[in-house]
1. Pull out all pairs, ordered by first then second residue, where Cβ-Cβ is under 9 Å, the residues are six or more apart or on different chains, the first lies in region 32-55 and is in contact (Cβ under 8 Å) with a residue 40 or more places away in the chain and within 12 Å of residue 84 (Cα to Cα), and the second is exposed (fewer than 10 other Cβ atoms within 10 Å of the Cβ) and not aliphatic (A, V, I, L, M).
2. Which residue pairs have Cβ atoms under 6 Å apart, sit 6 or more places apart or on different chains, and have a first residue in region 6-26 that is within 18 Å of residue 221 (Cβ to Cβ) and a second that is among the aromatic types (Phe, Trp, Tyr)?
3. Select from region 52-83 the residues that are at pLDDT 95 or above, open to solvent by 40 Å² or more (accessible area, probe 1.4 Å) and either under 24 Å from residue 159 (Cα atoms) or under 23 Å from the mean Cα position of the chain (by Cα) (or both) and list them in ascending order.
4. Give me the helices (runs of 4 or more DSSP H) completely within region 183-280, filtered to those with at least 1 residues that are open to solvent by 20 Å² or more (accessible area, probe 1.4 Å) and among the aliphatic types (A, V, I, L, M), ordered by residue number.
5. Please go through region 313-324 and give me each residue that is open to solvent by less than 10 Å² (accessible area, probe 1.4 Å) and either under 21 Å from residue 230 (Cα atoms) or touching a residue at least 60 places away in the same chain (Cβ under 8 Å) (or both), ordered by number.
6. Of the numbered conditions (1) free of Cβ contacts under 8 Å to residues at least 40 places away in the same chain; (2) over 27 Å from residue 335 (Cα atoms); (3) open to solvent by less than 10 Å² (accessible area, probe 1.4 Å), residue 157 satisfies every one except a single condition; which is it?
7. Which of (1) closer than 30 Å to residue 107 by Cα; (2) surrounded by 24 or more Cβ atoms within 10 Å (Cβ to Cβ); (3) among the basic types (Lys, Arg) does residue 306 not meet, given it meets every other one?
8. Taking residue 420 as the residue in question, decide whether it is open to solvent by less than 10 Å² (accessible area, probe 1.4 Å), of a type in the set (A, V, I, L, M) and over 20 Å from the mean Cα position of the chain (by Cα).
Amino acid sequence: MTTRQRASAREVIALVADDFHELAHELAHKERDFGPDGPLAWPGYDDSRARAARRTGESESVVCGTASVEGTRAVLIAFEFGFLGGSLGVRTGDRLEAAYRYAREHRLPVVPLVATGGSRMQEGMLALTQLQRVARQSALTREAGLAQVAVLRDPTTGGGWATLGAGADVVLALPGAQVGFAGSRVRPPDADPTAYTSEAQVAAGSADAVVRPEELRETLGRWLRLLTGVSAEPAPVPEALGATDPPASGWAAVHRARSPQRPRAARYLDAYFTDRLAISGDRCGGADPAGMLCGFGTHQGRDHARTVAYAAQTGAATRPAGYRTAARLIRLADRLGIPVLTLVDTPGAANDAEAERQGAGAAIAELFGVVATARTPITTLVIGEGGSGGALALAAPGRTWATPDSYFSVIAPELAAAILKRPESETELTADQLRVRPQDLAELGVIRPTRPH
């Protein structure tokens, strides 16, 4: 099955669900009746709806119901593009509102399987205002601590993309799907068509991953299982994977942390999780896959497995999009009641001109605030370089540990020496005076002295 075949609502439900129970009875009494040709008396509207019903076998542009996806119950909202282009009208809004209400009443995550051209012109502004209804229902579901995982099919444009799609907690997309606020008939004639694709939305930080149809059920099931794994227990501190003896000097600590052989974030995450999935992008037009790894995974403890969210620096300078993605991750975990693990490893925040134009200071400030106010427990391990505020922003106050091959410093020793107008020969002395070693940091009360058991 390809996106160009534009699978029907029932076909895409069958693609992802182990079973499906339509909410027909729950929805029927909530749908309103109109006079001939709808609320605007648009000539021929009733005939168009009748033809769409005969062609698709559906009475509206969405099919809503409950399903088990790889063992996790959820509310599915599947758009039928063959019914007037999957457009949103007042009755569509009735169904969507009823589905979201059902999800909250039964504490179920919501999965919109989106394929829509936007709002229904034959219902005018009444159709457009359904976006406000949908946005409110999505927000109420978010406040209730329930996950929303959207799947973008071909096409996903207009208000459907700007509410059910882009407003979800995790956004998956089928390969080659047309995705964008502007549909193909309303965008500028000279617009680059590749900008309106699922792949482009992932690159721009507006979607998390492109998933092939044959992998969709498994991937969606994994996401639903991870995002429903509520736990009040803090994430355990990972075992150190590199050096085990404390560094002899501050400069030795710096050299260890900068060694190319030192274990990086990916190795720690592989050792810590039995299964993990990544989120990508800050939802503001940016992504930092080279500097910040974020997502959710399964950690197998002594007694049981549980979901832990993670935000991990990779050893590179962290860009503004990386900080915003980490803030997005922690907010989501906080709302869902999932503990967080952060791994600190950066020489510092990116300090080039482009980083300033992208709002480096504001992004770091946002992350500081999110970490400071999170209700879910955050566990931090410094695994390499702890370079100034760009590293500290990801560290949990009072719950930070450090490996023997790491350091944490107010500034890099070389830069500290330069600011103090010291000769280069005094860099090592400066490193010692800054007290950057893990044992120094423990003595100062900046980090925890030992790993908890």
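1. Close Cβ pairs satisfying both conditions: 45/36.
2. 13/20
3. If the condition is that a residue be at pLDDT 95 or above, open to solvent by 40 Å² or more (accessible area, probe 1.4 Å) and either under 24 Å from residue 159 (Cα atoms) or under 23 Å from the mean Cα position of the chain (by Cα) (or both), then 70, 71, 73, 81 are the ones that fit.
4. Values: elements: 198-203, 213-227, 250-258, 265-272.
The qualifying helices (runs of 4 or more DSSP H) are 198-203, 250-258, 265-272.
5. Step one: of region 313-324, the residues open to solvent by less than 10 Å² (accessible area, probe 1.4 Å) are 313, 318, 320-323.
If the condition is that a residue be open to solvent by less than 10 Å² (accessible area, probe 1.4 Å) and either under 21 Å from residue 230 (Cα atoms) or touching a residue at least 60 places away in the same chain (Cβ under 8 Å) (or both), then 313, 318, 321, 323 are the ones that fit.
6. Failing condition for residue 157: (1).
7. Unmet condition: (2).
8. Numbers: open to solvent by less than 10 Å² (accessible area, probe 1.4 Å): no; of a type in the set (A, V, I, L, M): yes; over 20 Å from the mean Cα position of the chain (by Cα): yes.
So residue 420 does not fit the description; no.
The values are calculated or read from the model by the stated rules, or taken from the named source; none is laboratory data. Quick caveat, the model's predicted, so the values are computed rather than measured. For neighbour counting, all protein chains shown are included, and Cβ atoms are generated from backbone atoms with ideal geometry for every residue, glycine included. We work out accessible area using only protein heavy atoms, side chains counted, and drop any ligands, DNA or RNA first. Shrake-Rupley method; radii C 1.70, N 1.55, O 1.52, S 1.80 Å.
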